[in-house]
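Encoded as structure tokens, the structure appears first; notes follow it.
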Amino acid sequence: MTTTAISYAAHAAKAPLERTEISRRDPGPTDVAIDIDYSGICHSDIHTVRDEWGAATYPVVPGHEIIGTVTAVGGDVTRFAPGDRVGVGVIVESCRACESCLAGEENYCARGPVGTYGGLLASGEFTQGGYATSIVTDDHFVYRIPGALDPAAAAPLLCAGITTYSPLRHWEAGPGTRVAIIGLGGLGHLGVKFAAALGAEVTVLSQSLSKRDAGLAMGASDYFATSDRETFRKNRRRFDLVINTVSANLDLNDYLRMVAKDGTFVEVGLPEHPLSVTGQSLVNGRVSLSGSMIGGVPETQQMLDFAGEHGITADIELIPASEINTAFDRVVASDVRFRFVIDMASLR
């Protein structure tokens, strides 16, 4: 049995998203059925829809920053009940048996986690995401949303939030730690908020000073323009942890020289082209170069609870579904402060 949801789907790489009906399965024993209230727009949605990473399958309904209300649960579900406010993030299935999954790091599943859209479930179902009026998901990958959080502004936490929170926690950002966030966009502005709430000394490295006031208001103590070469000289070997949130291909060697001895540079953005690094940039200072991808189920819930305790949400522009295509173009043009969220009531 299936039900119908109204969605916005892409039918080809160069085509605009269009209003489309899709099917959702009826809830199985461990499933949660959710009416979607809000869905954030992530740059990953645009990369996928436009086939910029390759291997896209069409039609595809993007969206993995989902906030909604439970409408039904399967017979084996005990954590949720109709009426609960919940979230769904980037993944909706993993093997649940490998070392990573058993450690609560389903995002690093050895078999490969299945994405909320554009993925293939073990059942053979092709996943469709949150630009839709409803979704049905295994309850293991459903999250409680703290009541203190504005639900629309909380939606980007399900991807942008956990993408920045996870490396901050893993590399133990906190009092006495000097953290630099590259980029003050959808990911970066949440990275600044989380790092500041964790007690770290936070610096923003942005192409210009146009968002300086906003960055300082979010908790940064310093803000530098990377278009000014003096920025790299002033901050040489300064930071214990540098997190790169931008998807552009930067000259990483410049930034690696800003990492303190035994510090770490973490890539969380996903540039279209391969990254290039010289060995000298790594060996001088015993610098570590790493990457990080969202977080597992326990850490994502921890992040949401931490956000609830500290009042952390995204700065958003709420739009109706009819403006999705315009919003995509504006994201590419960096014309958003700081995240678009779709009001899914506009599709009903």
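The values are calculated or read from the model by the stated rules, or taken from the named source; none is laboratory data. All values reported here derive from a predicted model rather than from experimental measurement. As a convention, Cβ positions derive from the backbone with ideal geometry for all residues, glycine included, and neighbour counts pool all protein chains shown.
Among the candidates Asp45, Asp31, the residue that is out of contact with any His (no Cβ under 8 Å at 6 or more places or on another chain) and either farther than 30 Å from Thr313 by Cβ or not assigned by TED's automatic domain parsing to the domain that holds Pro271 (or both) is uniquely Asp31.
Looking across region 106-137 at every residue that is surrounded by fewer than 20 Cβ atoms within 10 Å (Cβ to Cβ) and of a type in the set (D, E, K, R), the one that is farthest from Asp343 (Cα to Cα) is identified as Arg111.
Scanning region 173-187 for residues that are on the phi > 0 side of the Ramachandran plot and outside any loop (DSSP other than H, G, I, E, B) yields no hits at all.
Here Val60 fits the description: under 20 Å from Tyr131 (Cα atoms), in contact with a helix residue (DSSP H, G or I) (Cβ under 9 Å, 6 or more places away or on another chain) and assigned by TED's automatic domain parsing to the domain that holds Phe328.
Looking across region 309-324, the residues that are of a type in the set (Gly, Ala, Ser) and either within 14 Å of the chain's Cα centre (by Cα) or closer than 18 Å to Gly191 by Cβ (or both) come down to Gly311, Ala314. Just one of the listed residues (Leu190, Leu216, Leu209) is among the aliphatic types (A, V, I, L, M), assigned to a helix (DSSP H, G or I) and either over 23 Å from the mean Cα position of the chain (by Cα) or surrounded by fewer than 20 Cβ atoms within 10 Å (Cβ to Cβ) (or both), namely Leu216.
Out of contact with any helix residue (DSSP H, G or I) (no Cβ under 8 Å at 6 or more places or on another chain), closer than 30 Å to Ser210 by Cβ and of a type outside the set (Val, Ile, Thr) - does that describe any residue in region 157-166? No: zero hits.
So which of His140, His170 ends up being assigned by TED's automatic domain parsing to the domain that holds Glu267, of a type outside the set (D, E, K, R), in contact (Cβ under 8 Å) with a residue 40 or more places away in the chain and at negative phi? Explain how you work it out, then say what you get.
Working: His140 fails: assigned by TED's automatic domain parsing to the domain that holds Glu267.
The match here is His170.
Set side by side, the residues Ala248, Ala321, Ala327 differ, and just one is of a type in the set (A, V, I, L, M, F, W, C) and touching a helix residue (DSSP H, G or I) at 6+ places or on another chain (Cβ under 7 Å), which is Ala321. With respect to the stated conditions, Asn284 fails to be within 23 Å of Ser208 (Cβ to Cβ) and of a type outside the set (Gly, Ala, Ser). Can you name the residue in region 27-57 that is modelled with pLDDT of 95 or more and in a loop (DSSP other than H, G, I, E, B) and is also nearest to the chain's Cα centre (by Cα) among such residues? Here the residue is Cys42. Checking each residue in region 140-151 for being outside any strand (DSSP E or B) and surrounded by fewer than 20 Cβ atoms within 10 Å (Cβ to Cβ) picks out His140, Pro146, Gly147, Ala148, Asp150, Pro151.
Of the residues Gly87, Gly104, which single one is at pLDDT 95 or above, within 22 Å of the chain's Cα centre (by Cα), assigned by TED's automatic domain parsing to the domain that holds Ile324 and not in a loop (DSSP other than H, G, I, E, B)?
Gly87
So for region 292-305 (the condition being surrounded by 17 or more Cβ atoms within 10 Å (Cβ to Cβ), of a type in the set (A, V, I, L, M, F, W, C) and touching a His at 6+ places or on another chain (Cβ under 8 Å)), does at least one residue qualify? Within region 292-305, one or more residues are surrounded by 17 or more Cβ atoms within 10 Å (Cβ to Cβ), of a type in the set (A, V, I, L, M, F, W, C) and touching a His at 6+ places or on another chain (Cβ under 8 Å).
Only one entry in Ser23, Ser39, Ser100 is crowded, with 20+ Cβ neighbours inside 10 Å and among the small types (Gly, Ala, Ser), namely Ser39.
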